[in-house]
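A short write-up of the structure that comes next.
The values are calculated or read from the model by the stated rules, or taken from the named source; none is laboratory data. Note that the structure is a prediction, hence the values are computed from the model and not measured. Don't worry about glycine lacking a Cβ; one is built from the backbone with ideal geometry, like all the others, and counts go over all protein chains shown.
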Amino acid sequence: MAAAPHILLVDDSPDELRLLVEALRGCEFRLSVAFDGVQGYERAVARLPDLILLDVRMPRQDGFVTCRQLKANPRTAHVPVIFLSAASDRDERLEGLNAGAVDYVLKPFWPEEVLARIRVHLKYAGAVGAQPAVVPVVAENRPLRSEDEVLVQAAKRYLAEKLAYPPGLQELAQLLGTNEKRLTRAFRKVCGTTVFAYLRGLRMKTAERLLCETSLSIIAISEELGFSSAANFATAFLEYAGSSPSVYRAQNGSATQPEMV
């Protein structure tokens, strides 16, 4: 008989946690709690819950940072995260979903709605029904990802989503719950390069793919990658690939109209 699904509740408010526990008590779940984002992340990594209910506004580390860390760690990347927050601003809801959450429920919540959403996402994740939750197996001879590796992976995920309008180094560090110095050190240790150099390389690799696999105009590609003009993009690409975007596209067999760039 499969164990009951394990739900991790992360909220800095004892009253909110009490409401959640009361709402879920008597259901088919095992419950554990954490009182801020740092503790929530650590308990998720240690206990591998089947689903996490996560507040946004918390001391030490907010829910968005915690969710990005969870999704960057292969040990917890598969765990569904549902945000529970009084923050009703549309941009904040979108930020939560873009951070990797599967759902966003506003406080004050209806216990029946929270329970229904939990069951739906557990079912999608395979934690209820005929099959128990599937937890990725980490090979015994392969160490778990270090804190630096998790931080870099979270940064990479965020930058890949924001190629056209990437944040500056200070803002990126804040979004990941760290500081510029530590983020820079982590990139040098894990990737052997700086954040800026990684971003530049990511843009150029994305440009190669778009030139080879799509018929997007070079102007459209430059805009997609956040360049101020097609000429600036062409100059950067020439420096990177040794040929202009038009020549590169022609040599790599993408069927498109020739362009004077």
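Miscellaneous remarks
- Tally, over region 1-31, of residues that are of a type outside the set (A, V, I, L, M, F, W, C) and buried (at least 17 other Cβ atoms within 10 Å of the Cβ): 5
- The set of residues from region 209-230 being charged (D, E, K, R) and under 24 Å from the mean Cα position of the chain (by Cα) comprises 209, 223, 224.
- Looking only at residues in region 32-52 that are surrounded by 15 or more Cβ atoms within 10 Å (Cβ to Cβ) and aliphatic (A, V, I, L, M), the one that is farthest from residue 68 (Cα to Cα) is 33.
- Scanning region 164-193 for residues that are touching a Leu at 6+ places or on another chain (Cβ under 9 Å) and surrounded by 13 or more Cβ atoms within 10 Å (Cβ to Cβ) yields a total of 15.
- In region 86-102, the qualifying residues are those that are assigned to a helix (DSSP H, G or I) and not basic (Lys, Arg), and the one that is surrounded by the fewest Cβ atoms within 10 Å (Cβ to Cβ) is 91.
- Scan region 61-85 for residues that are aliphatic (A, V, I, L, M) and in a helix (DSSP H, G or I) and the total you get is 3.
- Some residue of region 53-72 being of a type in the set (S, T, N, Q), closer than 22 Å to residue 174 by Cα and buried (at least 24 other Cβ atoms within 10 Å of the Cβ): yes
- Matching residues in region 26-84 - criterion: being more than 12 Å from residue 99 (Cβ to Cβ) and acidic (Asp, Glu): 28, 36, 42, 50, 55
- Segments classed as helices (runs of 4 or more DSSP H), wholly inside region 170-261, with at least 1 members that are charged (D, E, K, R) and either in the same structural domain as residue 38 (by TED's automatic domain parsing) or touching a residue at least 24 places away in the same chain (Cβ under 8 Å) (or both): 180-191, 195-213, 218-224, 245-251
- For residue 57: the one exception among (1) basic (Lys, Arg); (2) part of a helix (DSSP H, G or I); (3) more than 12 Å from the chain's Cα centre (by Cα): (2)
- Residue selected from region 144-164 under the condition among the charged types (D, E, K, R) and assigned to a helix (DSSP H, G or I), by the criterion farthest from residue 46 (Cα to Cα): 161
- Contacts under 9 angstrom Cβ, first residue in region 16-34 being under 21 Å from residue 57 (Cα atoms) and modelled with pLDDT of 90 or more, partner surrounded by 15 or more Cβ atoms within 10 Å (Cβ to Cβ) and basic (Lys, Arg), 6 or more apart: 32/43; 33/43; 34/43
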